[in-house]
1. Roughly what would the spin-label model give for B:ASP176 and A:GLU216, points 7 Å off Cα along C-beta, in nm?
2. For A:HIS109, A:HIS99, which order do you get if you count the other beta carbons within 10 Å of each Cβ and list the fewest first?
3. Size of the dipole of the stretch B:68-223 about the Cα centre, Lys and Arg at +1 and Asp and Glu at -1 on the beta carbon, nothing else charged, in debye to 20?
4. Which of these, B:LEU178, B:LEU90, B:LEU124, has the largest mean-square fluctuation under a Gaussian network model of chain B (Cα springs below 10 Å)?
5. Relative to the other copies, what are the label-point distances for A:ASP193, with labels 7 Å from Cα along the C-beta vector, expressed in nm at one decimal and sorted shortest first?
6. Please give the helix B:14-28 orientation as an angle from the longest Cα principal axis of chain B, in degrees from 0 to 90, rounded to the nearest 10.
7. Would you mind listing the distances between the B:MET108 label point and the same position in each other copy? Use 7 Å along Cα-to-C-beta, nm, one decimal, shortest first.
8. Assume the label is 7 Å from Cα along Cα to beta carbon: what separations in nm does B:GLU28 have to the matching positions in the other copies?
There are 2 protein chains.
Amino acid sequence: MDALPPATTTRLSRDVIVDAYLRIADTEGTDDITLRRLGAELGVDPTAVYRHFRDKDEILAVASDRVLAEAAAELEPTGSWRQDLRALHLAVRRAYLSHPKAMLALQMHPASMPNAERLTDRVLGLLRQACLSDADAAVAYEAMENYTVGTTLFDAGATEESLEGWRRVYRSARADVLPHLVAAAPLLYRDPDAAFEYGLDLMLDGLERGAQRSEEERREEDR
Amino acid sequence: MDALPPATTTRLSRDVIVDAYLRIADTEGTDDITLRRLGAELGVDPTAVYRHFRDKDEILAVASDRVLAEAAAELEPTGSWRQDLRALHLAVRRAYLSHPKAMLALQMHPASMPNAERLTDRVLGLLRQACLSDADAAVAYEAMENYTVGTTLFDAGATEESLEGWRRVYRSARADVLPHLVAAAPLLYRDPDAAFEYGLDLMLDGLERGAQRSEEERREEDR
DNA sequence: ACCTGAACACCGTTCAAGT
DNA sequence: ACCTGAACACCGTTCAAGT
């Protein structure tokens, strides 16, 4: 047998670095982490990570793929494409809410990320189940993904103060020229999750309507 | 008559600064502009703008409001809430595509921006026209706004290379485990505008379905 | 083969000094 | 009252040097 390297010596590796990044994000409540902070957590020079990753974005992208694995693990197919699409996008939203910066890096830098790809494959499969053509499924995937990612990145950046700030600004607008705005002010930004689900259901309604039409056309042809 | 200051002496002002910012953005094709670049354009020390704005974000927010004014000017109400909502969000998307960084600043820092408020008021009015309750109109506004802003900010950051990068990554996935992904690869990200419109129409379909239901319920009560 | 550490090229922003 | 300019406190990243 060859002599193994001492097990206690935790040497740097991609996994160790990503672990540290996620650990800081979880304990510190933000995933906007500098390489200097990451180096301190690892007890290593801030620039040491460049031996294992091309740049900072690559660290974030790999971290986000691991977060998506946890999101995917919660999901159990029900057989209803509508329910499954809904649950999947809610899970993705939760992942993005906890690690927005990491997700943004993944989105912007194309790379083979196994868990992200598995989720994308599932969405495309569910859209096909909803009677969409291949071309429509691709476009619908883009629309739903952009909706989920975009909305959630904003919600992750918002604070209770900033939301209250908008309500205050709108409330003090001139009611004679902007009546709808002033009336809606107290109702706005009360529950970002509810707003997200409302929009998601709107899109699912639209898809269902399309699916029903396809169904009708098929019966039309049959008789 | 009082003596006027010499008209040729273009002194710094909020308008002059915002003008310069938009001029650089338009000629340079990006609105990610440093204060040093802005100072050079104005022929002034980079820090001089702090006499007129609290910070950089305030400059961007004011600039974005002016861009929204141009977007709003194109719009002519047709009487159909669906058509008007559609045209409005397409116009907002165009504004965000040309000045994404500025729009992000507006979104994140609550402030009274007249043109942004006018557009918000119009959206809320159109949603009420679609038979939505005040509470639903507020939530639907949030959903549509987040969809438009989020999607467009991503599209603004994407390049033909990054989109092609995603297609390549997906194409080279294992077809036996991710069949939908591999099949969809050549169809994806072909036309971001089309994907945006597809998702927007999906949401409008959902709203119309809700409007029809409200209509039916009213007739139900009548008899 | 892997990590260190000084250094670089940028940022936005502050503040005392000028006029 | 308004602008200057040096300086500060940060970034991500490079690269020659160490071991």
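Every number here is computed from the coordinates shown, using simple stated rules; none is lab data. All figures in this text were calculated on a predicted structure; none of them were measured in a lab. Because the Cβ atoms are built from the backbone with ideal geometry, glycine has one as well, and the counts that use them run over all protein chains shown.
1. It is 4.4 nm.
2. Taking fewest neighbouring Cβ atoms as first place, the list is A:HIS109, A:HIS99.
3. 480
4. Ranking B:LEU178, B:LEU90, B:LEU124 by mean-square fluctuation puts B:LEU178 first.
5. 3.9
6. On a 0 to 90 degree scale, this one is about 60.
7. Output for B:MET108: 1.1 nm, nearest copy listed first.
8. Label point to label point, same position, other copies: 3.0 nm.
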